[in-house]
Amino acid sequence: MNNKSQSYSKRIMLIFLAFAMIMAFMPSMAFAENSVSGTMSSSQFLAAKDENNTITLEGDVTLSDNLVISDGSTLIINLNGNTLSAKNTVIKITHGNVELTGEGEVKENSPYYAPVFLEGSANPNDENYTTVTVGKDVTLTGWSGLFIDYIVDNGSNVGYGIVANVYGTLNSVRDTSGAGGHALYVNGTLVATEGNIPKITLDGARLNTEAGNGIYLAGFADTRIINSTITSNAEGNTGIEIRAGKLYIENSIVAGGTGEFTVQPNGNGSTTSNVALAVVQHTTKLPLEITVANGTFTGGAALFEENAQKNDAAAIDKIKVDVQDGDFEGIVYSQNKEKFISGGSFSEKVNEEYLDASVDTKATYTAVDGSIRYIIGERTLKNTLNNMSEGDKIVFEKVAAGSEYIVPEGVEVTNSTGADMTINNVTVADGVTAVVKEPEPTDPSEPVNPENPQDKPSTDKPTTGDQEQTTGDKADADKESDSPKTGDDTMVLGYVIMMLAALGIGGTLVVNRKKN
């Protein structure tokens, strides 16, 4: 092969390498998403969807009609710090998957239903048929923040395959007539109890209600509330009212109005006011299953259950309430249920009939400010003791045999259990009241027994060298954490320079080839 041929082959190889470098670095480069702003129709809005099914708001967007997702497609809306609005019912999902991301708001300009409205399938086997995900920095504002409704199939009202995952904020405001709503609403005509019933998860969510209920669960759904806050504490409001379905609450705060609680029968709406958690079976007589793992509940009634609709005994037997722990500020009342509390801290004395047969621990805690809490359950008692301080008082009324407790210094303890008990490794006789004191210090003048190794003082101390080494390690770690990573601006700039250089080499070779 002559030199000219070899030179030509090398040039082709360099061009190929330059192209390969460009293709290799392409995934690291960001491509601009389609973006929209201004007033437009829903079809114009959907036309901006990019190849990743994403629409990004460049500014506020007002839709002239409802955005309906009915073809099973996926749509990701990046609010990007902006507001998406329509007159009412901004997004209606009847079959499809919508994810709301970024920071921003979806709202009804003339509140009537909800900014996001969900309907499901007629097939009980359909999973994830209609889904919505509300990101942690997304706010939905309307008469309801999120509305779950039914469809009619052969005379039945159904809604299978609905899934709602809420990590953001749901706000309920009064509608155009001045009527209050619900931050989360499940229509009471959803009566199917089998199949893929609606599933709702609130995780880190924040629900706020101007007037009405934070959550109104009238139809049958499976709802989980974790690490969330439901605030509906204006006079006459209720935090959560459940009338059918399953409800699980963990590590959440629920607040209703703190005035006198009331209940009124209602076959087409909520029944209670000034309640944190209300359990009132609907006229549909569907099962209710409520589990409170823990949380804080504040209202005129912290927990309330009543048969407002005068349903028969067979229907009331379908109600199950399980309170495992929590902080209850307000009255706890149940008309029909017994033995449903196994733990918790209560501002009002609890009816003995409400206590589960397994309860073996009871105490009364009086804080230094004079407020009183009635403590039920071993776990709740130990948590309470951990948070007590000097000047507080605790009266032990019932403890499990062999129980031992650690009580902070300065707390006054009274043993009223009817038997001896152990506090801070000391036996306290029944009927004794005493203030916990700090253990007497060991006399430093007492000689050390050299024959007993345990009496020898320790000489182990961290050396300066060890401390410096630790500091050095941290500095090295900090340096490593500051190193550029794939996707950083500096790396992308480097890639661009390398690609341009490669293209420059290839381009030069091509020009030279033409000259030859």
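Taken together, the values in this text are just the output of simple stated rules run on the coordinates, not laboratory data. Just so it is clear, the structure is predicted and the values come from calculations on it, not from any experiment. Heads up, the Cβs are rebuilt from the backbone with ideal geometry, glycines too, and the neighbour counts pull from every protein chain shown.
Would you mind ranking Tyr160, Tyr185 so that the residue whose beta carbon has the fewest other beta carbons within 10 Å leads the list?
Least crowded to most crowded, the residues run Tyr160, Tyr185.
Can you compute the FRET efficiency between Ser389 and Glu338 using 1/(1 + (r/R0)^6), with r the Cβ-Cβ distance and R0 = 30 Å? Round to the nearest 0.05.
0.25
Using a Förster distance of 60 Å, how high is the FRET efficiency between Thr62 and Val368, based on the Cβ-Cβ distance and rounded to 0.05?
Approximately 0.60, to the nearest 0.05.
Net charge near Gly168, counting Lys/Arg +1 and Asp/Glu -1 over other residues with Cβ under 12 Å of its Cβ?
-3
Quick check: convex hull of the Cα atoms in the range 228-305, volume per residue, rounded to a whole Å³?
Spelled out: Cα convex hull of the range 228-305, divided by residues, is 73 Å³.
Around Phe340, with a cut-off of 10 angstrom between Cβ atoms, what is the net charge of the other residues, counting Lys and Arg +1 and Asp and Glu -1?
So the surrounding residues net to -2.
What is the list of residues in the range 211-231 whose amide nitrogen lies under 14 Å from a point 7 angstrom out from the Cα of Glu289, following Cα to Cβ?
220-224
How large is log10 of I(q)/I(0) for the range 193-336 at q = 0.11, 0.12 Å⁻¹ when the intensity is taken from the Debye formula with one equal scatterer per alpha-carbon?
Listed by q, the Debye log ratios stand at -0.34, -0.40.
Distance between the C-alpha centers of the range 422-438 and the range 71-112? Whole Å please.
61
Summing +1 for each Lys or Arg and -1 for each Asp or Glu, what net charge is found among the other residues whose Cβ lies under 11 Å from the Cβ of Tyr113?
Here the count lands on -1.
Can you compute the modelled spin-label distance between Thr193 and Asn351, with each label point 7 Å from Cα toward Cβ, in nm?
2.4
For an R0 of 56 angstrom, estimate the FRET efficiency from the Cβ-Cβ distance between Asn109 and Asp322 and round to the nearest 0.05.
Here the calculated transfer efficiency is 0.85.
Which distance in nm do the two modelled labels at Ala401 and Asn128 give, with both placed 7 Å along the Cα-to-Cβ direction?
Result: 5.4 nm between the two label points.
Pulled fully out, how much extra length does the chain show between Glu412 and Asp312, if you take 0.36 nm times their separation in residues and subtract their Cα-Cα distance?
That works out to 31.1 nm of additional length.
For each of Ile230, Ile76, count neighbouring Cβ atoms within 10 Å of the residue's Cβ, then give the residues from fewest to most.
With the fewest neighbours first, Ile230, Ile76 line up as Ile76, Ile230.
Going down the list Lys49/Lys199; Lys246/Lys339; Lys199/Lys310; Lys318/Lys398; Lys92/Lys136; Lys320/Lys398, which pairs span over 22 Å between their C-alpha atoms?
From the list (Lys49/Lys199; Lys246/Lys339; Lys199/Lys310; Lys318/Lys398; Lys92/Lys136; Lys320/Lys398), the Cα-Cα distance tops 22 Å for Lys49/Lys199; Lys199/Lys310; Lys318/Lys398; Lys320/Lys398.
Can you run the Rg to Rh ratio on the range 339-418? Use alpha carbon positions and the Kirkwood inverse-distance Rh.
For the range 339-418, the value is 0.95.
Would you please state which residues of the range 59-84 a label at Gln44 would reach in this model, taking the label point 7 Å out along Cα→Cβ and a backbone N cut-off of under 15 Å?
What the label zone holds, given the 15 Å backbone N cut-off, is 59-67.
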